[in-house]
Structures are given as C-alpha cells and as structure tokens.
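Have a look at the structure below before the remarks.
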Amino acid sequence: MSKKIVILNGSPRRNGNTSALVQAFREGAESAGHSVTEFFLDKMNIHGCKGCFGGNSRRDCPCVQQDDMTQIYPAVRDCNVLVLASPLYYWTMSGQLRTALDRLFALEEGGTNLLRGNGKSSALLMAAEGYGFEDAVLYYDHLMEHLQWQNLGNVLAGGNMETGDIKGKSELRQAFDLGKSIG
C-alpha cells in the first residue's frame, strides 16, 4: 500500500551531505510506490514557538502564528511517515529542524491530538563531520516515545566534512534501502 511520506530537511545546504541522504531515501521510497513531499526548511519562513499554548488542532492552521508552517501542518497531518533529516550541529539536530519540530506541538493542542498515538512512523537521516550522534539519537528516541510513533530506523553518516564527501559511501545505499523498505 502506498504511503504518504513527508521529509523535513533541516540542512542549510540544498546540495549538501544531508540532502544527499534525503535524495537517496526519496529515490528508494518512490521506487517502492510511495509519494514523498520534502520541505527544505532553510528556505522557509518559520518562526520559533512562542510557548503560548494557543494552538488548536481543529483549525486549518493550528498555530496562532501565520508563517510557512501553514504549508507543513496539513502535510504532516495527512502523512503516514515523517522523516527528520539534519546535519549534526553541537551534538543535536539543526536549528531549522528543531524550530519546525517545536512548532508541530500545535497539532497536539486543543481539539484532538493529531500527532500522538495515531499510527505514524518516522525515520532519522543525519550527516556530520564527526561521529557523535548519541545525543541527537537520544532526543529522537524520546520524541518517538512521546509521540508513540514507530521508529523505522536511522541512517547516521559521519566523516563528511566537505559538501559532497558522502558521495560513494555506504550510508547513501542505507538511506535508499530504508526508503524502499517502508511498507
């Protein structure tokens, strides 16, 4: 059965190593018949969460702020799989991705909780200069536990200092295979 997959790409580089992982994952998922929508967060106007608790999942735009999250909310509501993609910055995900994740909280407020415990799945794609992914994976695991989502897996590609360093590495195949394996 075809799945709707949304990718939140938190890389600031459209052609960087994280984006290469995203492309490989996308190719695998599309080859398996799934539809994929990618949001390149760095080029979107997304403001930080204000912590106002004014969100309401029943509204078309569940957040009180009107910015580019209005494009993301309906896609996340309707998807089966949410893929989080980010370079590793100070042992965690990029600010671009964390900001969008914080804003998704509006889908848990008011009305019906549209995120937690609704049968969604997720995967994590990360690239980095080093290999210190432990804190980012710990955060991701806690997020999956909170949301009660199935963790489909992680592709963690260390040793990629310069743009393009990931080319030819096994993690690209792992990302492709992860996308293709979604059932």
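How large is the dipole of the range 29-183 about the Cα centre if only Lys and Arg carry +1 and Asp and Glu carry -1, each at its Cβ, rounded to the nearest 20 debye?
The calculated dipole for the range 29-183 is roughly 360 debye.
Taking the dipole about the Cα centre of the range 98-183, with the C-beta of Lys and Arg at +1 and of Asp and Glu at -1, give me whichever of Ala128, Gly168, Ser181 is farthest to the positive side.
Going by the charge dipole, the pick is Ser181.
Once every DSSP H run of n ≥ 4 in the chain is given -39500 (n - 2.57) and the sum is divided by its residues, what mean residue ellipticity at 222 nm do you get, rounded to the nearest 500 deg cm²/dmol?
It lands at -10000 deg cm²/dmol.
Once you order the gyration tensor axes a ≥ b ≥ c over the Cα atoms, which shape class does the range 44-126 get: rounded for a/c under 1.5, otherwise prolate or oblate by comparing a/b with b/c?
Because a/c hits 1.5 or more and a/b fails to exceed b/c, the range 44-126 counts as oblate.
With a probe of 1.4 Å, find how much accessible area the chain has per residue, and write the answer as a whole number in Å².
47 Å²
Please enumerate, by chain and number, the lysines with C-alpha under 22 Å from the C-alpha of Lys167, excluding those fewer than 8 residues away in the same chain.
Lys180
Counting each pair of different Cα atoms once, what's the Kirkwood radius of the chain in Å, rounded to one decimal?
16.4 Å
Could you look at the chain and say what percent of its accessible area is carbon and sulfur, using a 1.4 Å probe and all protein chains?
Carbon and sulfur atoms account for 48 percent of the accessible area of the chain.
Efficiency by 1/(1 + (r/R0)^6): what FRET value for Arg173 and Tyr90, r their Cβ-Cβ distance, R0 = 30 Å, to the nearest 0.05?
Here the calculated transfer efficiency is 0.60.
The values are calculated or read from the model by the stated rules, or taken from the named source; none is laboratory data. Note that this is a predicted model, so its numbers are computed, not measured. Reconstructed Cβ throughout: ideal geometry from the backbone, glycine too, with neighbour counts over all protein chains shown. Ligands, DNA and RNA are stripped out before the accessible areas are found, and what is left, the full protein with its side chains, is counted by its heavy atoms. Shrake-Rupley method; radii C 1.70, N 1.55, O 1.52, S 1.80 Å.
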